[in-house]
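What follows is a short report on a single structure.
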Amino acid sequence: MAARPSLVLVPGLLNNHDLWREQIQRLSDIAHCLVPSGQYDQDNVTDMARAVLAEAPDRFALAGLSMGGYICHEIMRQAPERVERLALLDTSARPDSPEQTQRRRSFIQLASLGKFKGITPQLLPFLLHPKNVNNSALVDRLTAMADFIGVERFVKQQTAIMGRPDSRPQLARYDMPCLVLCGEADALTPPEVHEEMAALIPKARLAIVQDAGHMAPMERAGKVARLLRDWLKA
């Protein structure tokens, strides 16, 4: 009987292991799931990727959401030979736009003024499908994850995101089974961004998940787990 592969699941901005709760429950029968934590205290994607690689096994499947996807792109720069397959969820290969950077600086300023608790409510319309914005269970989980990250880590994460490079030139070298997944109502990294990535990755499968926004693994947990299962078996 073949050994179960290792699956490294990298959280996004203001997220922790709870982002992947349902996927871990649904995939542990076919994969050893690991959510790294060393990246939380870094302020650039280079060091974030190094921290993830330090916790990861020698060879592994890799999945990341949003900021986690930016870390995945950096891992593919640093150690592509260790990655057996790749899943990019609700993320982008593009660098930050000037408008995105300005919005991040505004959030950093709010946090520095002691208004960190108010950031998550402002982000909800960007994070969730409109039908999920008032889902108290989802909102409570997002709030708890943000509280876990805290102000100092939030500032480091935003700093890392603003400084990330353009990863599009390297996508043609992702010579492995790749899943590119996006919530159909993702307001932060919309479907066209994922269509661009999928077109540039040789073996990519594009999946647009209905009734989900930027937090597809939480909003449509079962659907995302099924897509990840198919990708792990590809």
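Would you mind stating whether residue 190 is open to solvent by 20 Å² or more (accessible area, probe 1.4 Å) and out of contact with any Lys or Arg (no Cβ under 7 Å at 6 or more places or on another chain)? It is true that residue 190 is open to solvent by 20 Å² or more (accessible area, probe 1.4 Å) and out of contact with any Lys or Arg (no Cβ under 7 Å at 6 or more places or on another chain).
Starting from residues that are of a type in the set (Asp, Glu) and surrounded by 13 or more Cβ atoms within 10 Å (Cβ to Cβ), keep the ones in the stretch 84-113 and report whichever is nearest to residue 6 (Cα to Cα). Filtering the stretch 84-113 for residues that are of a type in the set (Asp, Glu) and surrounded by 13 or more Cβ atoms within 10 Å (Cβ to Cβ), the one nearest to residue 6 (Cα to Cα) comes out as 84. The one condition from (1) touching a Pro at 6+ places or on another chain (Cβ under 9 Å); (2) touching a residue at least 40 places away in the same chain (Cβ under 8 Å); (3) closer than 23 Å to residue 17 by Cα; (4) surrounded by fewer than 21 Cβ atoms within 10 Å (Cβ to Cβ) that residue 173 does not meet is (3).
Scanning the stretch 193-234 for residues that are closer than 18 Å to residue 167 by Cα and among the small types (Gly, Ala, Ser), we see that the one that is most open to solvent (accessible area, probe 1.4 Å) is 199. Only a single item in (1) open to solvent by 60 Å² or more (accessible area, probe 1.4 Å); (2) among the hydrophobic types (A, V, I, L, M, F, W, C); (3) within 24 Å of residue 109 (Cβ to Cβ) is not met by residue 162, and it is number (1). Across the stretch 24-71, the number of residues qualifying as over 23 Å from residue 108 (Cβ atoms), within 13 Å of the chain's Cα centre (by Cα) and touching a residue at least 60 places away in the same chain (Cβ under 8 Å) comes to 1.
Per-residue answers, yes or no, for (1) over 18 Å from residue 191 (Cα atoms); (2) in contact (Cβ under 8 Å) with a residue 40 or more places away in the chain:
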residue: 89; (1), (2): no, yes
residue: 92; (1), (2): no, yes
residue: 99; (1), (2): yes, no
residue: 106; (1), (2): yes, no
residue: 109; (1), (2): yes, no
residue: 112; (1), (2): yes, yes
residue: 136; (1), (2): yes, no
residue: 139; (1), (2): yes, no
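The residue that is nearest to residue 194 (Cα to Cα), counting only those in the stretch 48-81 that are of a type in the set (D, E, K, R) and open to solvent by 50 Å² or more (accessible area, probe 1.4 Å), is 77.
For every residue, the table says whether it meets (1) in contact with a strand residue (DSSP E or B) (Cβ under 7 Å, 6 or more places away or on another chain); (2) within 18 Å of residue 216 (Cα to Cα).
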{"site": "35", "(1), (2)": "yes, yes"}
{"site": "50", "(1), (2)": "no, no"}
{"site": "54", "(1), (2)": "no, no"}
{"site": "77", "(1), (2)": "no, no"}
{"site": "82", "(1), (2)": "yes, no"}
{"site": "85", "(1), (2)": "yes, no"}
{"site": "88", "(1), (2)": "yes, yes"}
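Given the conditions (1) buried (at least 16 other Cβ atoms within 10 Å of the Cβ); (2) over 18 Å from the mean Cα position of the chain (by Cα), which single one is not true for residue 152? Going through the list (1) buried (at least 16 other Cβ atoms within 10 Å of the Cβ); (2) over 18 Å from the mean Cα position of the chain (by Cα), residue 152 breaks only (1). Every listed requirement among (1) open to solvent by less than 60 Å² (accessible area, probe 1.4 Å); (2) within 30 Å of residue 198 (Cβ to Cβ) is met by residue 139 save one, (2). The residues of the stretch 1-20 that are loosely packed, with under 15 Cβ neighbours inside 10 Å and either under 18 Å from residue 144 (Cβ atoms) or not hydrophobic (A, V, I, L, M, F, W, C) (or both) amount to a single one, 4.
The values are calculated or read from the model by the stated rules, or taken from the named source; none is laboratory data. This one's a predicted model, so the numbers in the text were calculated from it and none came from an experiment. Reconstructed Cβ throughout: ideal geometry from the backbone, glycine too, with neighbour counts over all protein chains shown. Each accessible area value is taken on the protein alone, full model and side chains, heavy atoms only, with ligands, DNA and RNA left out. Shrake-Rupley method; radii C 1.70, N 1.55, O 1.52, S 1.80 Å.
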